[in-house]
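Undergrad: The structure that follows is given in the form of structure tokens.
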Amino acid sequence: MPDTIEQLENDILVSAGSDGPGLVQRLHELFSEVISENETLREEGQKAKMLNKAMKAENARLKRQIAKLKKLAFGASADRNPDKTQAYHAKDGSEDAPPKGDAGYSENSAENAANGEQSADRPKPRNTNGRGKRVWPDHIEKREIYMGTEDRKCPCGCGGSIVGMDTTETLEVIPARYYIAVRQYPKYGCKMRGAIKGTKFDRRIFPNTVMSHGLMANAITMRFGWQLPWYRQENIFLSQGINLNRSSLMRWSNRIANEALLSIYELMEQDLKTNSERLFMDETTLPILQPGKGRTKTSYLYALLRDDRAFSGNKPPVVIYYPRETRAMRNIHDILDGVTAIVQTDSYAGYGQLGKPSTSVEHITPVKCWAHARRNFTDEYEFNQTPDAKRVIQIIEELYDEEKKIRGKPPLIRAAHRREFSAPILDRLKAFLIKHSDRHLSKSKMARAIHYVLRQWEELTAFVNDGRIDLDTNAVERMFKPTILLRKNVLFVGSEEGAAAWGVHASIVETCKLNGVNAEPYLKWVFDQIATKLPLSKYEKLLPWNAPVEFRINR
């Protein structure tokens with residue numbers, strides 16, 4: 001190109017005569033403008049390419065976020081192995097089928113079913129269409145209702161007698177009825193003492209109210225057991241013509257929690273912290289109304305769970321809820337202060353100091369959760385169909401398949417099985433992650449998922465040599481389902497006092513569920529016992545797992 005320009009200049013000088021130098025100068029100026037404009041266009045093109053790349057990345061990020069929100073709102077809560085998703089949706093799923101984690105479904109019953117045998121203590125299940133004879137629990141009352149003629153003769157008047165009966169069974173309900181208990185305490189004229197002798201009043205925990213033990217046991221169970229807010233209970237009373245304000249229910253509930261039941265809550269907490277080998281911990285949000293501001297602030301509800309049934313432990317399951325204003329690390333350390341046990345959590349930074357020397361939680365053995373580690377890969381595969389993410393999910397699924405074989409077994413058996421079968425799977429997984437980590441951009445979701453696992457490898461693999469540890473924290477996450485449903489129904493908690501009452505009531509009601517105790521009659525019995533001025537030294541018998549057998553739920 002320079003040779004061509006020089007030749008053009010020479011031609012202009014030769015042919016243009018005295019005007020040649022001016023034309024050459026003008027040619028130089030025009031050529032410089034063309035070069036400058038070309039450079040400008042090139043720079044703008046590069047900027048446009050970079051902006052387009054950034055917009056594509058932002059678009060991909062927003063699409064991933066939308067997909068994640070859609071999954072939270074409409075998708076399944078459980079992560080699934082991609083290889084099993086199609087088979088899962090192809091099943092003729094029945095709501096009557098027991099879940100895999102159902103306590104009533106044992107490995108022996110599964111083996112019997114596989115061999116065509118029927119377990120002696122389990123009735124034959126109904127088919128997938130809901131047909132077949134239903135087996136009712138033994139404690140349900142059966143009332144025989146005769147549907148024929150009064151004289152038990154043929155209705156045509158021929159005088160024929162009954163020669164047989166066709167029967168049908170339907171489940172009926174008697175709606176709840178409210179009544180006013182007018183207790184009459186007689187006064188006697190005592191001839192021996194020459195005075196009037198009265199009858200002792202029936203004791204109640206709060207005598208100067210119209211609140212009965214049975215009414216509050218029902219109201220508390222409806223709210224914290226079945227997630228029925230106070231305003232809905234108020235409307236139920238109104239449907240019966242009873243004007244019982246929601247504020248009264250709330251005030252009674254708070255008082256019962258923070259005065260009557262607080263000692264039971266503290267005993268449960270003490271047993272949980274001092275008599276546990278392995279604990280789960282997690283938290284969720286809990287909106288609380290700010291007084292005078294007309295808006296809510298986000299507080300948190302922590303859950304500390306002991307459930308040793310997975311490794312055949314003999315300690316009763318118990319969950320304690322702790323309302324706290326923030327998610328700060330100091331709240332976690334305050335809750336776990338004095339605990340000497342394995343504590344299994346997610347990877348939130350607030351749990352990062354567990355087990356560190358010179359802290360209040362130095363005696364804790366921290367363990368992480370494989371479900372959280374897997375979730376990063378399932379999100380990546382669902383959004384980008386990344387083959388490496390699919391392979392990681394498949395390998396992690398192998399770990400869970402091995403866990404199914406030892407669920408409910410003693411710790412030594414679980415540890416031995418894991419060392420033989422789970423350890424090689426973990427070796428393959430680690431080798432795969434290290435080998436393929438360089439194939440993905442350092443800031444990509446896949447690379448972050450890989451680094452997440454490798455960074456926490458020691459705490460993720462601690463389960464291999466300790467049969468008390470589970471693969472994940474799903475046990476404690478399930479304990480938040482009632483809280484999430486109630487939170488959705490009530491929208492917010494009215495005060496700090498209400499949040500404290502929430503923690504007490506939810507702890508007792510959910511621990512009742514874990515131990516197969518019917519919460520409503522249990523609570524009424526507890527209120528009756530407390531009203532008799534039972535000494536605190538005897539409150540041990542009031543704990544949910546020590547409840548009388550008549551409060552046990554027949555499954």
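Undergrad: Restricting the first residue to region 21-49 and requiring it to be under 23 Å from Thr4 (Cα atoms), which pairs with a second residue that is of a type outside the set (D, E, K, R) and assigned to a helix (DSSP H, G or I) meet a Cβ separation below 6 Å and a spacing of at least six or different chains?
TA: From region 21-49, the pairs are Leu23/Ile12; Leu23/Ala16; Val24/Ile12.
Undergrad: Return the pairs, sorted by first residue and then second, in which the second residue is among the hydroxyl-bearing types (Ser, Thr, Tyr), the first residue lies in region 394-421 and is closer than 11 Å to Val464 by Cα, the beta carbons are less than 6 Å apart, and the residues are 6+ apart or on different chains.
TA: Short answer, once both residue conditions are applied: Leu399/Ser422.
Undergrad: Next question, about the same structure. May I ask you to list the residues in region 206-222 that are assigned to a helix (DSSP H, G or I), open to solvent by 20 Å² or more (accessible area, probe 1.4 Å) and more than 15 Å from Ala181 (Cβ to Cβ)?
TA: So in region 206-222, the residues assigned to a helix (DSSP H, G or I) come out as 213-222.
Imposing the further condition that a residue be open to solvent by 20 Å² or more (accessible area, probe 1.4 Å) reduces the set to 214-215, 218, 222.
Across region 206-222, the qualifying residue is only Met222.
Undergrad: In addition: Any residue in region 425-441 that is at pLDDT below 95 and in contact with a Ser or Thr (Cβ under 6 Å, 6 or more places away or on another chain)?
TA: No: region 425-441 contains no residue that is at pLDDT below 95 and in contact with a Ser or Thr (Cβ under 6 Å, 6 or more places away or on another chain).
Undergrad: Next up: Of the conditions (1) open to solvent by less than 100 Å² (accessible area, probe 1.4 Å); (2) at pLDDT 90 or above, Ile162 fails just one. Which one is it?
TA: The failed condition is (2).
Undergrad: Could you tell me whether region 188-195 includes any residue that is crowded, with 18+ Cβ neighbours inside 10 Å, out of contact with any strand residue (DSSP E or B) (no Cβ under 9 Å at 6 or more places or on another chain), without any contact (Cβ under 8 Å) to a residue 60 or more places away in the chain and of a type outside the set (D, E, K, R)?
TA: Restricting attention to region 188-195, the residues satisfying the condition of being crowded, with 18+ Cβ neighbours inside 10 Å are none.
No, because not a single residue in region 188-195 is crowded, with 18+ Cβ neighbours inside 10 Å, out of contact with any strand residue (DSSP E or B) (no Cβ under 9 Å at 6 or more places or on another chain), without any contact (Cβ under 8 Å) to a residue 60 or more places away in the chain and of a type outside the set (D, E, K, R).
Undergrad: I'd like the full set of residues that are open to solvent by less than 50 Å² (accessible area, probe 1.4 Å) and assigned to a loop (DSSP other than H, G, I, E, B), limited to region 223-241.
TA: Across region 223-241, the qualifying residues are Gly225, Gln227, Leu228, Pro229.
Undergrad: Looking at (1) closer than 17 Å to Ser495 by Cα; (2) touching a helix residue (DSSP H, G or I) at 6+ places or on another chain (Cβ under 9 Å), can you tell me which one Glu259 breaks?
TA: With respect to (1) closer than 17 Å to Ser495 by Cα; (2) touching a helix residue (DSSP H, G or I) at 6+ places or on another chain (Cβ under 9 Å), Glu259 is out only on (2).
Undergrad: Quick check on region 269-282. Is at least one of its residues acidic (Asp, Glu) and either outside any helix (DSSP H, G or I) or in contact with a helix residue (DSSP H, G or I) (Cβ under 7 Å, 6 or more places away or on another chain) (or both)? Give the steps one after another, and end with the answer.
TA: Just the residues of region 269-282 that are acidic (Asp, Glu), to begin with: 269, 271, 277, 282.
With the extra rule that they be either outside any helix (DSSP H, G or I) or in contact with a helix residue (DSSP H, G or I) (Cβ under 7 Å, 6 or more places away or on another chain) (or both), the set shrinks to 277, 282.
For region 269-282, residues acidic (Asp, Glu) and either outside any helix (DSSP H, G or I) or in contact with a helix residue (DSSP H, G or I) (Cβ under 7 Å, 6 or more places away or on another chain) (or both): present.
Undergrad: Quickly run through region 242-274 and pick out the residues that are of a type outside the set (Asp, Glu) and open to solvent by 70 Å² or more (accessible area, probe 1.4 Å). Break it down stepwise before answering.
TA: Here is the first cut: in region 242-274, the ones of a type outside the set (Asp, Glu) are 242-258, 260-265, 267-268, 270, 272-274.
Of everything in region 242-274, those that are of a type outside the set (Asp, Glu) and open to solvent by 70 Å² or more (accessible area, probe 1.4 Å) turn out to be Asn243, Arg246, Met250, Arg251, Arg255, Gln270, Thr274.
Undergrad: Go through (1) surrounded by 15 or more Cβ atoms within 10 Å (Cβ to Cβ); (2) out of contact with any Phe, Trp or Tyr (no Cβ under 7 Å at 6 or more places or on another chain); (3) in contact (Cβ under 8 Å) with a residue 60 or more places away in the chain one by one and return the number of the condition Lys390 breaks.
TA: (2)
Undergrad: So His440 ticks every box in (1) in contact (Cβ under 8 Å) with a residue 40 or more places away in the chain; (2) surrounded by fewer than 17 Cβ atoms within 10 Å (Cβ to Cβ) but one. Which box is left unticked?
TA: (2)
Undergrad: Continuing with this model, one more query. When both residues are 6+ apart or on different chains and their Cβ atoms are under 7 Å apart, which pairs have a first residue that lies in region 155-179 and is assigned to a loop (DSSP other than H, G, I, E, B), and a second that is open to solvent by 100 Å² or more (accessible area, probe 1.4 Å)?
TA: Between residues of region 155-179 that are assigned to a loop (DSSP other than H, G, I, E, B) and residues that are open to solvent by 100 Å² or more (accessible area, probe 1.4 Å), the close pairs are Ile162/Arg152; Tyr178/Gln240.
Undergrad: Just one of (1) of a type in the set (S, T, N, Q); (2) free of Cβ contacts under 8 Å to residues at least 24 places away in the same chain; (3) in contact with an Asp or Glu (Cβ under 9 Å, 6 or more places away or on another chain) trips up Ser276, so point out which.
TA: (2)
Undergrad: Another question about this same structure. Within region 298-307, is even one residue under 21 Å from Arg468 (Cβ atoms), in contact (Cβ under 8 Å) with a residue 40 or more places away in the chain, among the small types (Gly, Ala, Ser) and outside any strand (DSSP E or B)?
TA: Checking region 298-307: not a single residue is under 21 Å from Arg468 (Cβ atoms), in contact (Cβ under 8 Å) with a residue 40 or more places away in the chain, among the small types (Gly, Ala, Ser) and outside any strand (DSSP E or B).
Undergrad: Let me ask something else. Of the residues in region 336-352, how many are assigned to a strand (DSSP E or B) and farther than 18 Å from Val453 by Cα?
TA: 2
Undergrad: I would also like to ask the following. Scan the helices (runs of 4 or more DSSP H) fully inside region 452-555 and keep the ones with 3 or more residues being touching a residue at least 40 places away in the same chain (Cβ under 8 Å) and buried (at least 21 other Cβ atoms within 10 Å of the Cβ).
TA: In region 452-555, the matching helices (runs of 4 or more DSSP H) lie at 496-514, 519-531.
Undergrad: Can you go through Gly355, Gly292, Gly313 and tell me which one is open to solvent by less than 40 Å² (accessible area, probe 1.4 Å), without any contact (Cβ under 8 Å) to a residue 40 or more places away in the chain and either out of contact with any Asp or Glu (no Cβ under 8 Å at 6 or more places or on another chain) or not in a strand (DSSP E or B) (or both)?
TA: Working: Gly292 fails: open to solvent by less than 40 Å² (accessible area, probe 1.4 Å); Gly313 fails: without any contact (Cβ under 8 Å) to a residue 40 or more places away in the chain.
Criteria check complete, one pass: Gly355.
Undergrad: Which residue pairs have Cβ atoms closer than 7 Å, lie 6 or more positions apart in sequence or on different chains, and pair a first residue in region 325-342 that is closer than 14 Å to Lys356 by Cα with a second residue that is among the charged types (D, E, K, R) and open to solvent by 50 Å² or more (accessible area, probe 1.4 Å)?
TA: From region 325-342, the pairs are Ala341/Glu277; Ile342/Glu277; Ile342/Arg468.
Undergrad: Further, regarding this structure: Of the numbered conditions (1) of a type outside the set (Val, Ile, Thr); (2) at pLDDT 95 or above; (3) farther than 21 Å from Leu249 by Cβ, Tyr522 satisfies every one except a single condition; which is it?
TA: Unmet for Tyr522, out of (1) of a type outside the set (Val, Ile, Thr); (2) at pLDDT 95 or above; (3) farther than 21 Å from Leu249 by Cβ: (3).
The values are calculated or read from the model by the stated rules, or taken from the named source; none is laboratory data. Quick caveat: nothing in here was measured; it's all calculated off a predicted structure. Every residue, glycine among them, receives a Cβ derived from its backbone with ideal geometry; neighbour counts consider all protein chains shown. Side chains are part of the model used for accessible areas, which takes the heavy atoms of the whole protein and leaves out ligands, DNA and RNA. Shrake-Rupley method; radii C 1.70, N 1.55, O 1.52, S 1.80 Å.
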